[in-house]
2 protein chains.
Amino acid sequence: MPAEQRPATLHDVARLSGVSVATASKALNGREHVSAATREAVRKAAEMLAYSPNTLARGLVAGRTGMIGLLTSDLEGRLSIPILMGAEDAFGADRTSVLLCDARGDAIREGHHLRTLLSRRVDGLIVVGARPDPRPSIGRDLPVPVVYAYAPSADPDDLSLVSDNVAAGRLGIRHLVEVGRRRIAHITGDPSYGAAQDRARGARDELAEHGLRLAGDRVLFGAWSEAWGRSATRMLLTQRTAVDAIFAGSDQIARGVIDALHGAGLEVPGDVAVLGFDNWEIFTTSSTPPLSSIDMNLETLGRVAAERLLAAFDGRLGSGVEQLPCRLIPRESTTAA
Amino acid sequence: MPAEQRPATLHDVARLSGVSVATASKALNGREHVSAATREAVRKAAEMLAYSPNTLARGLVAGRTGMIGLLTSDLEGRLSIPILMGAEDAFGADRTSVLLCDARGDAIREGHHLRTLLSRRVDGLIVVGARPDPRPSIGRDLPVPVVYAYAPSADPDDLSLVSDNVAAGRLGIRHLVEVGRRRIAHITGDPSYGAAQDRARGARDELAEHGLRLAGDRVLFGAWSEAWGRSATRMLLTQRTAVDAIFAGSDQIARGVIDALHGAGLEVPGDVAVLGFDNWEIFTTSSTPPLSSIDMNLETLGRVAAERLLAAFDGRLGSGVEQLPCRLIPRESTTAA
């Protein structure tokens with residue numbers, strides 16, 4: 001496309017302000033080691049060229065292939081596709097392709113995909129685990145930066161982005177307390193999942209701050225299934241546990257909870273409010289009533305993974321586990337009059 | 001890895017039998033223009049080396065990159081991940097990586113991903129649409145073979161693999177008739193979907209062969225949602241349509257159907273049998289009772305796509321639309337006593 005039509009690049013900004021591409025990038029990113037005068041000159045050049053300082057793709061300069069590899073073991077694509085989309089949006093989908101390879105939790109397959117992606121010279125890698133627990137590192141001495149998303153790397157020298165599950169547990173209870181509930185039970189999934197334990201801990205901590213305890217006095221751990229939601233709810237009702245809200249560990253569990261409550265002639269949320277987790281729309285919006293839920297912001301995980309990779313292209317990648325907040329999506333199952 | 005440990009390749013077979021790789025490949029594939037003696041020599045060499053003649057990856061000879069691009073617009077990964085897995089299994093996951101790019105139904109994004117994949121020299125492309133209706137061709141003069149899966153290309157010169165939806169409609173009705181039902185209604189989704197029309201046509205054709213008509217005399221088209229399944233079922237019951245089975249156009253519709261039947265005090269399958277479509281396990285296995293459904297064999301679509309690409313590497317790619325059969329998965333919603 002002719003020069004006057006294409007959007008301005010970082011190169012154009014650097015040329016106009018008379019500095020190197022690296023310096024222009026640092027100036028626009030507000031990094032250190034750039035004088036105030038240079039920063040101002042670069043800012044002005046960017047403004048003249050209508051160069052958007054919000055486009056993360058500004059980091060994609062010559063020498064990169066514009067390909068990011070996403071190694072996943074998520075058999076349904078439910079986690080990895082939103083992460084892929086968030087990453088692509090952050091890079092600028094017109095400049096970067098995120099290539100997904102599915103390893104199905106198999107280390108040999110993962111190694112093969114990793115070699116393929118590296119041989120095709122991807123600029124960076126995002127590794128998405130199948131469950132939100134630590135997973136083996138894919139290695140330290142790779143030629144490109146790696147960010148782990150959803151499931152953290154077991155190696156603390158790697159950089160991992162995960163949902164803040166303790167805060168999410170607190171968030172769920174806070175919402176239920178705010179809508180006036182006091183007798184709150186927590187029915188959740190497989191206790192071997194760190195995320196299930198973390199959410200339960202957050203829930204108990206938040207209840208304690210309100211001077212409350214869990215209805216039934218314990219977390220009901222079980223399985224990530226509708227069937228468990230149904231049977232745990234029936235158990236609570238049989239034991240005549242006083243309950244005016246149930247915080248479910250997944251939307252599927254929540255669907256089972258609602259089924260069992262309706263089966264016992266109880267109204268949702270009139271008698272018992274129900275809160276899900278995951279905000280998986282095929283479950284939340286088609287539930288009767290529509291299901292309030294906690295969203296893990298997977299697109300944001302992908303977007304931040306892209307930001308960290310772009311920062312790594314410019315300098316150093318961080319390390320450790322970074323926790324990102326979840327958000328509450330209120331629907332009728334907790335908020336109807 | 002040392003030569004004695006790695007699995008035998010087609011190169012090894014060719015070397016041992018004293019023929020070219022191309023000839024060894026043709027001999028093992030049972031193709032013409034290879035003498036019986038040569039075929040026998042190659043077979044013996046393959047046997048000595050424990051080279052598996054069943055591995056489709058035998059087609060992957062030197063000059064290929066071992067990468068296949070999968071261009072999808074499936075926002076959830078529900079369709080494309082099983083197709084990806086089927087293709088990878090057929091190629092041999094240890095020799096081929098299928099790289100997925102998500103175009104989100106956007107032609108510009110698709111064009112960008114296509115250029116990226118071609119520039120990385122993929123050996124072939126699989127294009128997966130978001131809905132099972134004809135979609136634009138990605139072009140004729142590409143340097144690699146292309147197979148369309150799930151959604152056919154609108155260009156009849158392209159090769160497309162789709163589910164046989166008319167046969168699937170027949171299959172559903174045949175099953176319900178076999179379990180003794182005679183008053184069968186069909187509640188399905190958006191009538192603008194060719195697949196919905198095709199399944200409905202197959203259902204009517206099969207009913208006619210049994211001397212039956214649809215309960216309520218017409219197909220209930222609506223939306224691909226639980227809510228539609230619920231309201232269409234309530235409508236049938238309000239109109240006092242005599243019905244002993246409901247064939248739903250999707251598992252989500254079927255879940256709504258079951259909800260509404262239970263709400264009206266009817267038993268499934270005692271009073272009314274319910275059959276779904278898609279065999280999406282998160283819906284079928286957690287339903288009460290577990291939901292019988294029709295499986296589109298997406299992994300087989302992926303596997304056959306890989307076979308067609310491998311055939312294309314050796315010679316000519318076919319064209320036109322190839323229909324692959326679906327299969328019925330019986331569960332308690334149609335088969336319990």
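In table form, for the structure just shown:
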quantity: Neighbour net charge for B:S319 - beta-carbon separation under 14 angstrom, K R +1, D E -1; calculated: -1
quantity: Candidate lysines for bridging to B:K44, where Cα separation is under 22 Å - those fewer than 8 sequence places away on the same chain excluded; calculated: B:K26
quantity: Magnitude of the charge dipole, region A:223-284, Cβ model with Lys/Arg +1 and Asp/Glu -1, debye to 20; calculated: 280
quantity: Label-point gap, in nm, between B:T238 and A:D205 - each point 7 angstrom along Cα→Cβ; calculated: 5.0
quantity: Total formal charge among the other residues, if their Cβ is under 12 angstrom from that of A:D198, Lys/Arg +1 and Asp/Glu -1; calculated: +1
quantity: In Hz, Karplus ³J(HN,Hα) per residue of region A:179-189 (6.51, -1.76, 1.60; θ = phi - 60°; x = Gly, Pro); calculated: 8, x, 8, 10, 10, 10, 9, 10, 10, 9, x
quantity: Positive dipole terminus of chain B, leading residue within B:A336, B:M296, B:A90 (C-beta point charges); calculated: B:A90
quantity: Rounded to the nearest 20 debye, dipole of chain B from Cβ charges on Lys, Arg, Asp, Glu; calculated: 360
quantity: Most positive-pole-ward Cα, A:G18, A:G318, A:L75, against dipole of the protein assembly as shown from beta carbon charges; calculated: A:G18
quantity: Residues of region A:288-329 with amide N under 15 Å of the 7 Å Cα→Cβ point at A:T335; calculated: A:289-295, A:327-329
quantity: Rounded to the nearest 20 debye, dipole of the protein assembly as shown from Cβ charges on Lys, Arg, Asp, Glu; calculated: 560
quantity: Span from the region B:284-304 Cα centroid across to the region B:225-266 one, whole angstrom; calculated: 20
quantity: Label-to-label distance, nm, for residues given as A:D271 and B:R327 (7 Å Cα→Cβ offset); calculated: 4.3
quantity: Spin-label pair A:D89/B:R104, simplified geometry with 7 Å Cα→Cβ offset, distance in nm; calculated: 0.6
quantity: Chain A Cβ-axis minimum, rotational copy B, residue and distance in Å; calculated: A:G77, 1
quantity: Top positive-direction residue, dipole computed over the protein assembly as shown with Cβ charges, set A:L117, A:A245, A:I184; calculated: A:L117
quantity: Compactness of the protein assembly as shown - radius of gyration and Dmax, Cα, Å; calculated: 28.1, 87
quantity: Per-pair calculated FRET efficiency, R0 = 22 Å: B:T65 and B:H11 via Cβ, rounded to 0.05; calculated: 0.85
quantity: With at most 10 other Cβ atoms within 10 Å, longest stretch of chain B clear of loop trypsin sites (Lys or Arg not before Pro) (DSSP); calculated: B:1-139
quantity: Rounded D (µm²/s) - chain B, Kirkwood Rh over Cα pairs, Stokes-Einstein at 20 °C, 1.002 mPa s; calculated: 98
quantity: Segment B:S192-B:D155, length gained on full extension (0.36 nm per residue, minus Cα span); calculated: 11.3 nm
quantity: Using alpha-carbon coordinates, inclination of helix B:251-263 to the longest axis of chain B, degrees; calculated: 20
quantity: Inter-copy label distances at B:E47 (7 Å, Cα→Cβ; nm, one decimal); calculated: 8.2
quantity: Antiparallel content of DSSP bridges confined to chain A, in %, to 5; calculated: 10
quantity: Stretch in chain A that is longest and holds no GluC sites (Glu not before Pro) that DSSP places in a loop and that have at most 12 other beta carbons within 10 Å; calculated: A:33-266
quantity: Shortest-first distances to equivalent copies, position B:I108, nm, label 7 Å out along Cβ; calculated: 4.5
quantity: Copies compared at A:D217 - label distances in nm, ascending, label defined 7 Å from Cα in the Cβ direction; calculated: 6.5
quantity: Cut-off under 5 Å, modelled amide H: who pairs with B:L324 long-range; calculated: B:V162, B:S163, B:D164
quantity: Under 5 Å, built H, 5+ apart or other chain: amide partners of B:R120; calculated: none
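FYI, it's all coordinate maths here, none of it is from the lab. Bear in mind the structure is a predicted one, so any value in this text is a computation, not a measurement. Positions of Cβ are generated from backbone atoms using ideal geometry, with glycine treated the same way; all protein chains shown enter the neighbour counts.
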